[in-house]
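The values are calculated or read from the model by the stated rules, or taken from the named source; none is laboratory data. Note that the coordinates shown come from a computational prediction; the quantities given were computed from them, not determined experimentally. Don't worry about glycine lacking a Cβ; one is built from the backbone with ideal geometry, like all the others, and counts go over all protein chains shown. Note: accessible area is taken over every heavy atom of the protein model, side chains too, but ligands, DNA and RNA are not part of it. Shrake-Rupley method; radii C 1.70, N 1.55, O 1.52, S 1.80 Å.
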Number of protein chains: 4
Amino acid sequence: MKTQLLRIDCPDAKGLVYAVTGVLYRLDFNIISNHEFVDPATRHFFMRTVVAGSAPPEAVVHELRQVLPATATVRLAPASKRPIVVFATKEVHCLGDLLVRYIDDDLPTHISAVISNYADLEPLVQQFNIPFHHVSHHNRDRAAHEQAIIEVLDQYKPDYLVLAKYMRILTPQFVARYQQRIINIHHSFLPAFIGARPYHQAFERGVKIIGATAHIVTDDLDTGPIIAQGVLPVNHAHTAAGMAQAGRDLEKIVLAKALRLVLEERVFLHHNRTIVFE
Amino acid sequence: MKTQLLRIDCPDAKGLVYAVTGVLYRLDFNIISNHEFVDPATRHFFMRTVVAGSAPPEAVVHELRQVLPATATVRLAPASKRPIVVFATKEVHCLGDLLVRYIDDDLPTHISAVISNYADLEPLVQQFNIPFHHVSHHNRDRAAHEQAIIEVLDQYKPDYLVLAKYMRILTPQFVARYQQRIINIHHSFLPAFIGARPYHQAFERGVKIIGATAHIVTDDLDTGPIIAQGVLPVNHAHTAAGMAQAGRDLEKIVLAKALRLVLEERVFLHHNRTIVFE
Amino acid sequence: MKTQLLRIDCPDAKGLVYAVTGVLYRLDFNIISNHEFVDPATRHFFMRTVVAGSAPPEAVVHELRQVLPATATVRLAPASKRPIVVFATKEVHCLGDLLVRYIDDDLPTHISAVISNYADLEPLVQQFNIPFHHVSHHNRDRAAHEQAIIEVLDQYKPDYLVLAKYMRILTPQFVARYQQRIINIHHSFLPAFIGARPYHQAFERGVKIIGATAHIVTDDLDTGPIIAQGVLPVNHAHTAAGMAQAGRDLEKIVLAKALRLVLEERVFLHHNRTIVFE
Amino acid sequence: MKTQLLRIDCPDAKGLVYAVTGVLYRLDFNIISNHEFVDPATRHFFMRTVVAGSAPPEAVVHELRQVLPATATVRLAPASKRPIVVFATKEVHCLGDLLVRYIDDDLPTHISAVISNYADLEPLVQQFNIPFHHVSHHNRDRAAHEQAIIEVLDQYKPDYLVLAKYMRILTPQFVARYQQRIINIHHSFLPAFIGARPYHQAFERGVKIIGATAHIVTDDLDTGPIIAQGVLPVNHAHTAAGMAQAGRDLEKIVLAKALRLVLEERVFLHHNRTIVFE
């Protein structure tokens, strides 16, 4: 009996949990763990259930559709390693951390490739026997650069794109193509210090705590739905560069945490906010 | 339709959630929020559900008992203010914090009385128009002292006894009388620094983080099931007294957090560990 | 030999620590603890030293002025309880926390009075035998209201004004009158969510961590120099009201922390940032 | 003018800061940053000063010795990359993190070699072009095994040995040979859960926060002076294995933090406690 992951979201209605668990019961599935949430403002229902059973997934989904509202999103799939492509520019710490986690089998993912607009990180990535694609943005307009990236991505068909300190802005067209599938780490405690050089902004403002934010990329780079955040105390003795150094540990840990949540199917998107079943 | 709180715990079995939600559905209850957990080691099932409906609680519990294992614990009660009695000795911070929360209506509780083995805190408590009982332990053996306390408690019939820096050890007989109903704050990050003067122990050991632990009191004062813990960084410049001062904020916040969890029926006890549905 | 607190700030110059400690040595002062900092960007020097000795403070300051740059700020004073006036509106938690700390002798301060634009908190304050002044803003323009407040303050001559959830904006004239002497608690992780209803803003943005910020009040209410900040994790299940409730503990702890730092003379203001010697 | 690091520790005496800064002033050194601490219990003085100047270090130390107590420890050295050897067993996360930091130039160190009692990590280390020494403990008694390790170490003469989840106990003889130069990461919030399988112990005890502790190794593996600690919240849903997984991030961050503090000469050892100038 294989472990499978059931995700449902739909408008709330009376008896939903009863209806869903009834289907699972009749099909002889065992519930291993179960999270539900109803957003009180919009009366929308979210459910993530780990089940064990042997009925074919298509049959289960079909049965569930009979008892759920017509607009429900229903997915049942085996818990599996999801392929990702990591984007980086020149900074080592987030990419390096993901590579070590990968060989440590710490995340349910397969890193299919790394794409960068610079060649600096190529030796590191090759040490890990992962394809590295240097797609330079020099002498290319944004559309042409993204087209070149898309051609690389088409080879790998990743489930998620992970921006591990990738310092290029993406076009709305590119983001739309990989909707809800791009994860970014922003080196500030969003929504504070949106935009360029957030550690310099934090220093100028004299904050006593700095943060990092992992989020789903939507059109606007720094305002997408937040998946995870982390913070670290700083003081007057931290220069902007000192904050940036301290922030590196934060960034890599928060990005990895968000990626784990996404890969384990714990994140639902709802009206620019996330429901995260931890 | 009144909001009510349903608590169930029993050995796990296939279809439990289905069975319970079926009863709620048939009795026309609406599920407002729902937490379930199955302890993987012991296969024990825990459920806390906030429901709205008008069927009489006795009928609902009766119906639920039909579908649950015979050994199940089932309770359905309106969310309400639970009476407590607070125990203190001489320290102000935890008691004072509870008193301010009380007039601020911050916790779902009614503080029926305060009991202390010293008279020092009497003026403070009287300012808040709460009965203060000075039950001295002088010239009384432990049994006689506890008997005097029990006589006070019998006037109030509190649901919980809250030890807000009460510096007396309780006998197993007393603890047994109020089983799972005594909450204590211990001024260390248990199980480190069990026993007397934990801040001195922490200082001697040179720790860089101190903690506080709120727990259910069982026979052994410092080893009861943990409800909540908190921590605070310290450094070499903290003396034991400096750690104690810094720790006061921690103690009052952690005790209040644990008390809120208990009063909101979010805490289940299982084999010396707690399941806490936050 | 009384313990005294020496504070110096001036443009940096070679040999400053040598010069200052030389004066202290010649006047037979013992250094108990010592903090120095030179801001690398502006080359400004800050020093806070706890000393013990019997030479008269005026003589020491005179000697120090001989060896320091002409523009130096120098202050030597016994560590003492500083009088404050607390401002509140209707919320209990920050004011109540300060009152309990006051009777617990937890902060080096004397609370001379409480001023509020509503009468709601009067019974609480009177329980603590502290004068309560209800200075209503009804039927008064802002200038007249502040004039009435100033008249109350003139009775007490407090060193600091502590805004414990005081929900009125202060005029630049008022702020200028008590320059660098007004401490405010803002219920967000500044600079995020400046302005009204920050918890609603935080909820709308879907943040995973909320914060509170204690700062010195300058002209613009929410942009003054930050003294201390604190944070707390939240999740999708927190409504704006739930965040506000969770935030109350944060607000009172962060305000008390900042007030302690100010009262212990650990805070220097420099170009809209603070140097805090913890 | 090179930046140099001055470290002094000695019994406290009146005028020490004056005397030391006087020497620096006369030799035309500029103080860039300065930390002092006097342990109140033992009246011992600690000082770490970053200075810039061109006088030869030997001359400076000679001058300082004239003004300091005879038992003073005085060291002046250029801030430089210190060679280390990393010990590991089979776990990837701490070692991998150090390797990525190394190529990222994140720590002031040169990793001379990695020693392991298993061969599992050899491919990873070789990817980073760092010598890997597999020194098996099979068919060797403890003394013979350590002798083989010492022979490897003698090739590299490292300043520090970093135990990155090295799962072997060291003999007092070995520890004495590298006194105050061995840094270990212990996967618990010491002194809680000393000994084997701390995550299992933490799970059994039902703690709500787990920790990791980096410390200097003394005779007794888990009781050496603490350099840095970190914590992470857990709950009833964490199995011992789940705690261990969550703890991996903690362990690597805390170990790297402690190593940075040691390499930057910020750690003084005093009576089984550390003074850490952050």
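For this structure, a couple of remarks:
- Selection within the range D:21-40 - open to solvent by 10 Å² or more (accessible area, probe 1.4 Å) and part of a strand (DSSP E or B): D:Asn30, D:Ile31, D:Ile32, D:Ser33, D:Asn34, D:His35, D:Glu36, D:Phe37, D:Val38
- Scanning the range B:199-245 for residues that are among the polar types (S, T, N, Q) and part of a strand (DSSP E or B) yields B:Thr213, B:Gln229.
- Residue that is within 19 Å of B:Ile275 (Cβ to Cβ) and not assigned by TED's automatic domain parsing to the domain that holds B:Glu264, where the choices are B:Thr21, B:Thr49: B:Thr49
- Only a single criterion out of (1) farther than 24 Å from B:Val262 by Cα; (2) in a helix (DSSP H, G or I) is not satisfied by B:Phe193, namely (2).
- Within this structure, D:Leu163 fails the test of being among the hydrophobic types (A, V, I, L, M, F, W, C), modelled with pLDDT under 95 and either open to solvent by less than 60 Å² (accessible area, probe 1.4 Å) or in the same structural domain as D:Val267 (by TED's automatic domain parsing) (or both).
- Applying the set (1) open to solvent by less than 40 Å² (accessible area, probe 1.4 Å); (2) touching a residue at least 60 places away in the same chain (Cβ under 8 Å); (3) within 22 Å of A:Phe277 (Cα to Cα) to B:Gln4 leaves exactly one unmet item: (3).
- Scan of the range A:246-278 for residues that are among the aromatic types (Phe, Trp, Tyr) and assigned to a strand (DSSP E or B), ordered by number: A:Phe268
- For the range D:67-85, the criterion of being in contact (Cβ under 8 Å) with a residue 12 or more places away in the chain, of a type outside the set (S, T, N, Q), more than 30 Å from D:Asn34 (Cβ to Cβ) and not in a helix (DSSP H, G or I) is met by at least one residue.
- Tabulated pairs, the range C:48-61, first of a type in the set (Ser, Thr, Tyr), second part of a loop (DSSP other than H, G, I, E, B) and surrounded by fewer than 18 Cβ atoms within 10 Å (Cβ to Cβ), C-beta under 6 angstrom, 6+ apart or interchain: C:Ser54/C:Met1
- The set of residues in the range A:181-239 that are aliphatic (A, V, I, L, M), more than 9 Å from chain C (Cβ to nearest Cβ) and free of Cβ contacts under 8 Å to residues at least 40 places away in the same chain comprises A:Ile182, A:Ile194, A:Ala196, A:Leu232, A:Val234.
- Check on A:Arg43, among the basic types (Lys, Arg) and open to solvent by less than 70 Å² (accessible area, probe 1.4 Å): no
- Among the candidates D:Ala246, D:Ala196, D:Ala237, D:Ala228, residue that is of a type in the set (Gly, Ala, Ser) and in contact with a helix residue (DSSP H, G or I) (Cβ under 6 Å, 6 or more places away or on another chain): D:Ala228
- Selection count, the range D:116-149, where residues are surrounded by fewer than 13 Cβ atoms within 10 Å (Cβ to Cβ) and within 25 Å of D:Gln173 (Cα to Cα): 6
- Residue within the range A:106-115 that is small (Gly, Ala, Ser), part of a strand (DSSP E or B) and open to solvent by 30 Å² or more (accessible area, probe 1.4 Å) present: no
- Just so you know, in the range A:67-103 the residues that are within 14 Å of another protein chain (Cβ to nearest Cβ) and out of contact with any Leu (no Cβ under 9 Å at 6 or more places or on another chain) include one that is most open to solvent (accessible area, probe 1.4 Å), and it is A:Tyr102.
This table checks each residue for (1) among the polar types (S, T, N, Q); (2) modelled with pLDDT under 95; (3) outside the structural domain of C:Val262 (by TED's automatic domain parsing).
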| residue | (1), (2), (3) |
| --- | --- |
| C:Val74 | no, no, yes |
| C:His93 | no, no, no |
| C:Ser116 | yes, no, no |
| C:Leu121 | no, no, no |
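- The set of residues from the range A:54-63 being under 27 Å from A:Lys157 (Cβ atoms) and surrounded by 14 or more Cβ atoms within 10 Å (Cβ to Cβ) comprises A:Pro57, A:Val60, A:Val61.
- Hits in the range B:104-129 (condition: closer than 11 Å to B:Val86 by Cα and within 11 Å of chain C (Cβ to nearest Cβ)): B:Val125
- Exactly one residue among C:Pro83, C:Pro131, C:Pro108 is of a type outside the set (D, E, K, R) and over 19 Å from the mean Cα position of the chain (by Cα), and that residue is C:Pro131.
- Counting the residues of the range C:240-268 that are more than 10 Å from every other protein chain (Cβ to nearest Cβ), under 14 Å from the mean Cα position of the chain (by Cα) and open to solvent by 40 Å² or more (accessible area, probe 1.4 Å) gives 2.
- Applying the criterion of being over 14 Å from A:Ser188 (Cα atoms) and out of contact with any Cys (no Cβ under 8 Å at 6 or more places or on another chain) to the residues of the range C:185-194, the residue that is most open to solvent (accessible area, probe 1.4 Å) is C:Ile194.
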